Amino acid sequence: MNFSRRTLLKASAAATVMGSVGSPLVARAQQAEFVYKYANNLPDTHPLNVRAKEMSAAIKQETNGRVDLQIFPNNQLGSDTDVLSQIRSGGVEFFTLSGLILSTLVPAASINGIGFAFPDYDTVWKAMDGDLGAHVRKEINKANLVVMDKIWDNGFRQTTSSTKAINTPEDFKGFKIRVPVSPLWTSMFKAFEAAPASINFNEVYSALQTKIVEGQENPLALISTAKLYEVQKYCSLTNHMWDGFWFLANRRAWERLPADVRTVVAKHINAAAVKEREDTAKLNATTQTELAAKGLVFNQPKVDPFREKLRKSGFYAEWKGKYGDEAWALLEKSVGKLA
Ligand code: X2X
């Protein structure tokens, strides 16, 4: 669409009168001093992106159009591994990433993913909004990334498969399972004597479809919104891990924002995280019926034998040694004795 000079002048005059809300495209572009990209790996329909859109609009509104936070869902700007290097270089300004994948850069960030650590969401939020979360954010800051206070929810992870249900730890023996690119995920499924394959989320659907792997593990909200039920037959409610997304910012880009603008941006990001937590927990709790109707066969294995297998394999002792006594004590303060 070509704007003639006359149209441009008319549009910018109108925008001056209308202010930032609903301003013509041209005027809004002129007013957006800061056009920042926010990348994530989730489908557009996932509650994280639904709330992110509201967040972006609220930020634009309260900054009078000065900040235009552009959302790129579904790995549009690259895989998690690619975008992690872009957030560090400034190729993107914002990125939500699981602490377990971030742990390739910040080892402490995977601690919330320790197998069977969290019994429920109350315990998760007390820990992640309390001392354990503060410890992880301190470590993330040391890696020269900015991290928002409130972690976003991914959920409690379940195991899907195209070949069999997982009822006991023995069923994991030799099981070709996709895991995200993270030392903790690989370590846990090796402790189950499975055959974990590290694959970025943007390649999971095709890896399952072509049977490169038999299964994967994710919360029900993602099994639904990423349509993984189309290429999986069984869903075993192993509930083996809680996982969340830290909202990260490139430090130089963050510090380019004036202090008052930073306060507004952080306020809306953290408020969106709290709303997304409610949405995602609700979706995780209600999606099983919808997924069963789409053909997924559910089973509910007893969890204690899996936890016992991890204990006997030395998994908890190994990771206690990796995180160190301070971080492990913060985890056990929230969830009780593990190792
Ligand atoms: O990669 C996954 O499985 C996902 C989408 O759950 C994460 O980002 C960890």
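Membrane-span-like helices in the chain, defined here as complete DSSP H runs extending at least 30 Å along the helix axis by their C-alpha atoms with mean Kyte-Doolittle hydropathy no lower than 1.0, are absent; this is a sequence and geometry rule, not a statement about a membrane.
So if each residue of separation counts as 0.36 nm, and I subtract the Cα-Cα distance between E193 and T45, what length gain in nm does that give? It would help to have the intermediate numbers written out before the result.
Numbers: separation 148, 0.36 × 148 = 53.28 nm, distance 3.49 nm.
Contour length minus the Cα-Cα distance gives 49.8 nm.
For the options A194, A143, A226, a Gaussian network treatment of the chain with springs between C-alpha atoms closer than 10 Å singles out A143 as fluctuating the most.
Between region 112-160 and region 40-65, the alpha-carbon centres lie 21 Å apart.
The chymotrypsin sites (Phe, Trp or Tyr not before Pro) of region 208-244 include none that meets both criteria, a DSSP state outside H, G, I, E and B (loop) and at most 14 other C-beta atoms within 10 angstrom of the site's C-beta. Each eigenvalue of the Cα gyration tensor of region 119-267, multiplied by 5 and square-rooted, gives one semi-axis; in descending order these are 34, 17, 14 Å.
Just add up the charged neighbours of G174: K/R +1, D/E -1, any other residue whose Cβ is under 12 Å from the Cβ of G174.
Working: positive: K164, K173, K176, K190; negative: E170, D171, E193, E214.
Local net charge: 0.
The distance between label points at S79 and K282 comes to 3.5 nm (points 7 Å beyond Cα on the Cα→Cβ vector).
Label zone of Q209 (point 7 Å out along Cα→Cβ, amide N under 12 Å): in region 36-60 this covers no residue at all.
Cα gyration tensor of region 213-339, axes a ≥ b ≥ c as square roots of the eigenvalues: rounded (a/c below 1.5), prolate (a/b > b/c) or oblate? It is oblate, given that a/c is not under 1.5 and a/b is not larger than b/c. Each peptide among 265-272, 318-325 gets the average number of other Cβ atoms lying within 10 Å of its residues, and from highest to lowest they stand as 265-272, 318-325. Only Lys, Arg, Asp and Glu carry charge here, each on its Cβ (+1 for the first two, -1 for the last two); on that basis region 257-296 has a dipole of about 40 debye about its Cα centre. In this simple spin-label approximation, N64 and T123 carry label points 7 Å from Cα along the Cα→Cβ vector, and these lie 5.0 nm apart.
Could you work out the helix-only [θ] at 222 nm for the chain, with each DSSP H run of four or more residues adding -39,500 (n - 2.57) and the total divided by the number of residues, to the nearest 500 deg cm²/dmol? Spell out each step's value before the answer.
Working: 15 runs with 163 residues, N = 339.
Taking each H run of at least 4 residues, the total per residue is -14500 deg cm²/dmol.
Put a dot 7 Å past the Cα of T163, heading toward its Cβ, do the same for K138, and the two dots end up 4.5 nm apart. In a simple Cβ point-charge model (Lys, Arg +1; Asp, Glu -1; nothing else charged), region 291-339 has a dipole of about 220 debye relative to its Cα centre.
Readers should treat all values here as calculations from the given coordinates under stated rules, not as data from a laboratory. Predicted, not measured: the structure shown is a model, and the values here were computed from it. Glycine also receives a Cβ, built like all others from the backbone with ideal geometry; neighbour counts cover every protein chain displayed.
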